[in-house]
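First comes the structure, then the notes that go with it.
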Ligand code: PGA
């Protein structure tokens, strides 16, 4: 299978942004994606958990729905947490796991991420596993080894049914992106560590102005987009890139 055969995925991560009124942006995006319908690409929005059920009720057929995190357990005494089954029940089909903000601000280890990934798969959610190095690791020349190790720690099985998002931490929300050569090197390593049909996304300051260049890099099958996914005016051109 060649790289061009893998169906692309453009996923928006709203993070802790968005009230119910902001779903108007998704409605606008859905309408714009009707004509022409982009070929060979899945479009997904991962709103905050409070908006999953309201967005599901809007029944967009051009935009899929994802969650940003799930708990490792199916149910139990975990105040404030949400299980993968609950997110599926609310309408999510995808679930981000191991985002660097979860790893950094909630102390999620590879072990926890592995358990979350398994929980998502068990609940029939497609996990979007995030991996990425910090600037110190990049500058020490250890980025590829570190990221591949992160991937293998969270997901020893070779990629079936899992989406992998490479997000260099130093590029998230900073306006900096990895260069095409850096992305190509990392994605080649991730391809080797997964399977030919695993969708490999790049994330970190993807914008309308750089999306085409990033999406043209070999083994890049889509993007995970934070800030630029909040407005239809920014997200639509990324989908069409
Ligand atoms: P950003 O976020 O596009 O705002 O850099 C990407 C992400 O964290 O998924």
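The values are calculated or read from the model by the stated rules, or taken from the named source; none is laboratory data. Keep in mind that this is a model prediction, so the values were computed, not measured. As a convention, Cβ positions derive from the backbone with ideal geometry for all residues, glycine included, and neighbour counts pool all protein chains shown.
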Subset of region 176-209 [crowded, with 18+ Cβ neighbours inside 10 Å and within 11 Å of the ligand (Cβ to nearest atom)]: 177, 201, 202, 203, 204, 205, 206
Helices (runs of 4 or more DSSP H) (entirely within region 23-140) containing at least 2 residues that are touching a residue at least 12 places away in the same chain (Cβ under 8 Å) and within 19 Å of the chain's Cα centre (by Cα): 23-32, 52-57, 84-90, 100-105, 110-122
1 or more residues at pLDDT 95 or above and over 30 Å from residue 27 (Cβ atoms): qualifying helices (runs of 4 or more DSSP H) within region 175-241: 180-193
Residues satisfying the stated conditions in region 30-57, i.e. away from the ligand (no atom under 16 Å from the Cβ), closer than 19 Å to residue 236 by Cα and surrounded by 15 or more Cβ atoms within 10 Å (Cβ to Cβ): 30, 32, 33, 38, 41, 42, 55
Within region 151-171, tally of residues that are under 17 Å from residue 215 (Cα atoms) and either part of a helix (DSSP H, G or I) or within 11 Å of the ligand (Cβ to nearest atom) (or both): 5
